[in-house]
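These notes are about the structure you will find just below.
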Amino acid sequence: MNYYSTNKTAPRADFREAALLGQAPDKGLYFPEKIPQLQPEFAKQLPHLSKAEIAYDAIKPYTGSSIPERILQQIVEETLDFELPLVELSDETCVMELFHGPTLSFKDVGARFMSRCLSYFAGKMEKKIVVLVATSGDTGSAVAHGFLNREGVEVVILYPSGKVSQVQELQLTTLGNNVKALEIKGDFDDCQRMVKQAFADEEHAKRIFLTSANSINVARWLPQQFFYFLALQQWTHKEQPVVVVPSGNFGNICSGMLGKESGLGIKHFVAACNKNNVVTRYLLDGSYSPKPTVHTISNAMDVGNPSNFVRIQELYKRSDTMLKRNLSSFSVNDEQTATAMLGTLSKYDYQADPHTAVGLCALDQYREKHPGTKGIIMATAHPVKFAELVKKITDRKVAKTEQILELEKLKKESIVLPPDYEALKGFLERY
Ligand SMILES: *Cc1c(COP(=O)(O)O)cnc(C)c1O
């Protein structure tokens, strides 16, 4: 399989090159040349396959000859080494819990898959791979955990001192080994600027292969299709589901839509957005106008200009008619999100995190015009990640998970640096 850039001027790349580069040299996003088609008998086989077998079949056409069969099998087995249950709230509504991984959000799957791919590629490279990430919280912890103890890969995470939650800080700073946490005495923008400067500094490229492992990377984007395959495996209704995805950068939902184009039995997608609603507005009036990010209680979706939306447009060959046939979107404010959290708790005795609650609310809104719709909401984070907020809104405590209890036993280890590039440059010289 080859990938072309959505900006159409960069040379094509295979999976390995696309995964190592992240973004195409012309600043476009890599997109598969062909969309593989599932065999007609696949739907019948689905209930009888293991998670790893399903994932292998789903991803194999995309990795092509970049990863040998045996290695790929091992990678998907390790990637999906936790529960991904479809939980029935009522006859009409299910939630697909994607949050039982080590850092309690769906981002674990993409991060685990990518880290294993890069580690495999590193074995064949002369330079050491150094993954450099600036994080405001969630992404960094999933990436750090994914890469922990991966051979041939070093990870450096920059986070703003005092500006991430306690759980997030522990997730970033207690790993050790090949993962170093740099606590920057500044804000997230300082962290991002320092990382950008490091990428622009050609000095490093002589010694190490610096990569960002960010969310547009094909090795993080494509494995998210597993969620949709595994949700359908557990779906017992005859009728195809409408799938609702809490969306920020639109990577997760776009991977599901790619799966649908491969032949997955999904009726329609709903992008559930918070007040950052550039796509919702686009579907209403056809004008794409990014706005500055607004802060919400579903903060992992606070994205003003979603980077993966261009992939969705590419998928439908830039046809708005095709796009609208497959995608609806609703924008949910914080008050509605809180009401959905309370409503879900009282109606189904189910505790949803704020991101999942945006999805629950969006499905209700979709049903106003499509009554009786049977739907699946992608539950993207565990409520315990937002325990304080959940407590404030619902007046209920969230029980700590095993992951959190383990984390609390560990000791924070960070390297404190001032918010200037020279400090980071000096640090990177150790590799
Ligand atoms: C990242 C994230 C999202 C948004 O996913 P995208 O792929 O960026 O659309 C939603 N919910 C949670 C909990 C997240 O961490």
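The values are calculated or read from the model by the stated rules, or taken from the named source; none is laboratory data. Quick caveat: nothing in here was measured; it's all calculated off a predicted structure. Note that we place each Cβ from the backbone using ideal geometry, even for glycine, and neighbour counts take in every protein chain shown. Side chains are part of the model used for accessible areas, which takes the heavy atoms of the whole protein and leaves out ligands, DNA and RNA. Shrake-Rupley method; radii C 1.70, N 1.55, O 1.52, S 1.80 Å.
Within the stretch 381-402, is there a residue that is more than 16 Å from the ligand (Cβ to nearest atom) and of a type in the set (Asp, Glu)?
Yes, there is a match, as at least one residue in the stretch 381-402 is more than 16 Å from the ligand (Cβ to nearest atom) and of a type in the set (Asp, Glu).
Filter the stretch 302-341 for residues that are of a type in the set (Lys, Arg), surrounded by fewer than 18 Cβ atoms within 10 Å (Cβ to Cβ) and within 18 Å of Val270 (Cβ to Cβ) and give the result.
Lys324, Arg325
Residue under question is Ser90, and the condition is that it be within 22 Å of Pro36 (Cβ to Cβ), touching a residue at least 40 places away in the same chain (Cβ under 8 Å), open to solvent by 30 Å² or more (accessible area, probe 1.4 Å) and away from the ligand (no atom under 14 Å from the Cβ); does it hold?
no
Identify, please: which residue in the stretch 278-301 is out of contact with any helix residue (DSSP H, G or I) (no Cβ under 9 Å at 6 or more places or on another chain) and either open to solvent by 30 Å² or more (accessible area, probe 1.4 Å) or over 27 Å from Ile393 (Cα atoms) (or both) and is, among those, farthest from the ligand (Cβ to nearest atom)? Outline the logic, then answer.
First pass over the stretch 278-301, keeping only residues out of contact with any helix residue (DSSP H, G or I) (no Cβ under 9 Å at 6 or more places or on another chain): 280-281, 284-285, 292-295.
Subset that is either open to solvent by 30 Å² or more (accessible area, probe 1.4 Å) or over 27 Å from Ile393 (Cα atoms) (or both): 281, 284-285, 292-295.
Details: Arg281: 16, Leu284: 19, Asp285: 22, Pro292: 17, Thr293: 13, Val294: 15, His295: 15 Å.
So the residue we want is Asp285.
Considering only residues that are within 30 Å of Gln197 (Cα to Cα) and of a type outside the set (Ser, Thr, Tyr), look in the stretch 403-421 and name the one that is surrounded by the most Cβ atoms within 10 Å (Cβ to Cβ). Step through it out loud before you land on a result.
Taking the stretch 403-421 first, the residues within 30 Å of Gln197 (Cα to Cα) are 412-421.
Restricting the remaining residues to those that are of a type outside the set (Ser, Thr, Tyr) gives 412-413, 415-420.
Numbers: Lys412: 12, Glu413: 14, Ile415: 13, Val416: 11, Leu417: 20, Pro418: 11, Pro419: 18, Asp420: 15.
The extreme case among them is Leu417.
So which residues in the stretch 172-190 are in contact (Cβ under 8 Å) with a residue 40 or more places away in the chain, β-branched (Val, Ile, Thr) and either in contact with a Ser or Thr (Cβ under 6 Å, 6 or more places away or on another chain) or crowded, with 22+ Cβ neighbours inside 10 Å (or both), if there are any at all?
Thr173, Ile184
Of the numbered conditions (1) within 21 Å of Arg12 (Cβ to Cβ); (2) more than 12 Å from the ligand (Cβ to nearest atom), Pro241 satisfies every one except a single condition; which is it?
(1)
Restrict the check to the stretch 214-225 and report whether at least one residue is away from the ligand (no atom under 12 Å from the Cβ), more than 27 Å from Met341 (Cα to Cα) and without any contact (Cβ under 8 Å) to a residue 40 or more places away in the chain.
No - not one qualifying residue is present in the stretch 214-225.
I'm told Thr236 meets every condition in (1) away from the ligand (no atom under 15 Å from the Cβ); (2) under 25 Å from Phe188 (Cα atoms) except one. Can you identify the failing condition by its number?
(2)
Name every residue in the stretch 102-123 that is under 17 Å from Ile59 (Cβ atoms), open to solvent by less than 10 Å² (accessible area, probe 1.4 Å) and within 15 Å of the ligand (Cβ to nearest atom), in order of residue number.
Answer for the stretch 102-123, where residues must be under 17 Å from Ile59 (Cβ atoms), open to solvent by less than 10 Å² (accessible area, probe 1.4 Å) and within 15 Å of the ligand (Cβ to nearest atom): Asp108, Val109, Gly110, Ala111, Phe113, Met114.
I'm told Ile59 meets every condition in (1) under 17 Å from Leu222 (Cα atoms); (2) in a strand (DSSP E or B) except one. Can you identify the failing condition by its number?
So the condition that Ile59 fails would be (2).
Looking only at strands (runs of 3 or more DSSP E) that fall completely inside the stretch 66-149, which ones have 2 or more residues that are under 24 Å from Pro354 (Cα atoms)?
In the stretch 66-149, 86-88, 93-97 are the strands (runs of 3 or more DSSP E) which contain 2 or more residues that are under 24 Å from Pro354 (Cα atoms).
Looking at the stretch 380-389 only, could you name the residues that are buried (at least 23 other Cβ atoms within 10 Å of the Cβ) and assigned to a helix (DSSP H, G or I)?
Within the stretch 380-389, Pro383, Lys385, Phe386 qualify.
Could you check, for the stretch 229-244, whether at least one of its residues is touching a residue at least 40 places away in the same chain (Cβ under 8 Å), out of contact with any Phe, Trp or Tyr (no Cβ under 7 Å at 6 or more places or on another chain), closer than 17 Å to Asp302 by Cα and crowded, with 22+ Cβ neighbours inside 10 Å?
no
If the Cβ limit is 9 Å and pairs must be 6+ apart or interchain, which residue in the stretch 281-292 that is under 16 Å from Phe330 (Cα atoms) pairs with which residue that is exposed (fewer than 10 other Cβ atoms within 10 Å of the Cβ) and polar (S, T, N, Q)?
Listed by first residue and then by second, the contacts come to Arg281/Ser287; Arg281/Ser289; Tyr282/Ser289.
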